[in-house]
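The values are calculated or read from the model by the stated rules, or taken from the named source; none is laboratory data. Everything numeric here is computed off the predicted structure, so don't read it as measured data. When we count neighbours, we look across all protein chains shown, and the Cβ atoms used for this are built from the backbone with ideal geometry, even at glycine.
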Amino acid sequence: MKIGIAFNLKRQPKPDEPQDKYAEYDERTTIDAIKKALESGGHAVVLLEADENFVEKVKEEKPHFVFNIAEGISGPGRESYVPVVLDMLGIPYTGSNPLTLAITLDKGRTNEILRHHGIPVPDWWISYNADEVPNVKFPVIVKPNAEGSSKGIRNNSIAYNERQVKKIVRYVIETYNQPAIIQRYLTGREFTVSIIGNNPPRVLPIVEVTYDYLPKEMNRIDSYEVKWIWDSPNNPIDSIVCPAKIDKKLEESIKDVALRTYRALGCVDFCRIDMRLDEKNVPNVLDVNALPGLIPDPRENSRFPKAAYAAGYTYEKLINEILHHAIERVGKKHMAHNASFR
């Protein structure tokens with residue numbers, strides 16, 4: 001089968017752009033590793049960078065299926081760009097559909113849906129204007145409403161008073177050109193849950209994210225500094241425990257919240273869900289990553305592959321299983337029609 005890989009290649013930001021502008025994008029090493037993994041499964045592979053010429057590239061290459069890791073270029077619906085194009089052209093792909101990707105990038109909308117389904121989330125407020133901050137209960141954490149990969153989350157993103165929250169909201173709005181989400185800050189243990197497959201979806205070993213290695217002046221949050229500066233391949237930090245050391249009751253509670261979240265948002269094939277415990281030890285959903293990172297190098301602490309490795313996967317098996325679940329979901333009849341149409 002001819003498989004296209006849709007991606008956005010990481011590059012250096014311009015001097016007038018935020019340092020984390022392209023943090024979500026993938027390094028060439030990840031793209032090459034996915035290509036190699038798919039080729040090991042017997043597929044012919046073409047690379048489809050999801051830039052302004054993506055439509056023309058897809059029409060020219062005519063892939064039978066697309067392995068999608070593209071984050072999109074700009075705007076709150078950017079993660080939907082690739083699947084919208086592929087839906088229009090009738091080409092199936094891995095991962096969730098445009099609606100799910102648009103919703104999960106929008107943290108406020110995600111919280112609304114999860115709360116409607118009775119899934120615990122910390123209280124939150126959306127702010128469009130730093131001078132009109134709602135009356136909140138401190139402490140809170142402030143971040144961009146539609147970003148991933150810890151973009152816009154800094155060590156100073158926790159606010160303990162009105163003056164601080166206004167300052168951070170103003171920074172988010174001016175730097176990232178979008179509203180800020182203000183969320184009640186939970187101080188409990190932090191976990192991330194990777195899910196693969198559809199009928200039924202499978203929860204991989206739970207990852208606990210620890211911050212014990214940080215100096216006292218650093219906040220215990222998954223900030224840009226923690227994820228991309230403190231922890232690097234050249235200076236790897238032991239920030240992950242997998243499988244997490246938790247009792248059976250908590251494990252079942254975390255899995256239940258993760259699976260209900262996966263289904264409520266319409267996620268398919270693979271996903272990663274971040275959580276923290278509240279003061280009652282209840283797992284609260286912090287973020288839903290419908291396009292989780294797939295960095296192959298274990299030293300980089302990419303959490304979805306880390307969970308897969310703990311479950312006994314190789315990187316090649318992980319990539320090909322994601323593809324297998326997507327093909328199974330789409331159905332052989334659709335694949336046959338798709339191939340004959342080309």
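Within the stretch 1-10, the set of residues being part of a loop (DSSP other than H, G, I, E, B) and either outside the structural domain of E60 (by TED's automatic domain parsing) or not basic (K, R) (or both) comprises M1, N8. For the stretch 273-325, the tally of residues that are under 29 Å from I119 (Cα atoms), of a type in the set (S, T, N, Q) and out of contact with any Cys (no Cβ under 9 Å at 6 or more places or on another chain) stands at 4. When V172 is tested against (1) crowded, with 17+ Cβ neighbours inside 10 Å; (2) not in a helix (DSSP H, G or I), only condition (2) is not met. For the stretch 122-152, taking the residues that are basic (K, R) and in a loop (DSSP other than H, G, I, E, B), the one that is modelled with the highest pLDDT is identified as K137.
Examine the stretch 197-208 for a residue that is surrounded by fewer than 20 Cβ atoms within 10 Å (Cβ to Cβ), in a loop (DSSP other than H, G, I, E, B) and among the acidic types (D, E), and state whether such a residue exists. Checked against the condition, which is being surrounded by fewer than 20 Cβ atoms within 10 Å (Cβ to Cβ), in a loop (DSSP other than H, G, I, E, B) and among the acidic types (D, E), the stretch 197-208 yields no hits at all.
Apart from one condition, N198 fits all of (1) of a type outside the set (A, V, I, L, M); (2) more than 26 Å from A244 (Cβ to Cβ); (3) at pLDDT 95 or above; the exception is (2). Among the criteria (1) at pLDDT 95 or above; (2) closer than 25 Å to P296 by Cβ, the one K62 does not fulfil is (2). Looking at V282, V288, just one residue is surrounded by fewer than 24 Cβ atoms within 10 Å (Cβ to Cβ) and either free of Cβ contacts under 8 Å to residues at least 60 places away in the same chain or on the phi < 0 side of the Ramachandran plot (or both), and that residue is V282. Screening S127, S74 for residues that are among the small types (G, A, S), at negative phi and surrounded by fewer than 15 Cβ atoms within 10 Å (Cβ to Cβ) leaves exactly one candidate, S74. Before we move on, is P13 assigned to a loop (DSSP other than H, G, I, E, B) and surrounded by fewer than 22 Cβ atoms within 10 Å (Cβ to Cβ)? Taking the combined requirement at face value, the residue satisfies it. Restricting attention to the stretch 295-308 and to residues that are more than 20 Å from N8 (Cα to Cα) and surrounded by fewer than 18 Cβ atoms within 10 Å (Cβ to Cβ), the residue that is modelled with the lowest pLDDT turns out to be R299.
When R109 is tested against the conditions (1) outside any helix (DSSP H, G or I); (2) under 16 Å from the mean Cα position of the chain (by Cα); (3) surrounded by fewer than 24 Cβ atoms within 10 Å (Cβ to Cβ), the lone failure is (1).
Please determine whether any residue of the stretch 64-84 is of a type in the set (K, R) and over 20 Å from M1 (Cβ atoms). It would help to see each step written out before you state the result.
Within the stretch 64-84, the first condition is being of a type in the set (K, R), and the residues that meet it are 78.
Okay, now just the ones that are also over 20 Å from M1 (Cβ atoms), so 78.
Checked against the condition, which is being of a type in the set (K, R) and over 20 Å from M1 (Cβ atoms), the stretch 64-84 yields at least one hit.
Suppose the filter is crowded, with 16+ Cβ neighbours inside 10 Å, in a strand (DSSP E or B), under 22 Å from the mean Cα position of the chain (by Cα) and in contact (Cβ under 8 Å) with a residue 60 or more places away in the chain; does V82 pass it? Judged against the criteria, V82 is not a match.
When E252 is tested against (1) crowded, with 17+ Cβ neighbours inside 10 Å; (2) closer than 14 Å to F191 by Cβ; (3) at pLDDT 95 or above, only condition (1) is not met.
One residue alone among I73, I119, I91 is closer than 30 Å to E225 by Cα, in a loop (DSSP other than H, G, I, E, B) and over 17 Å from the mean Cα position of the chain (by Cα), and that residue is I119.
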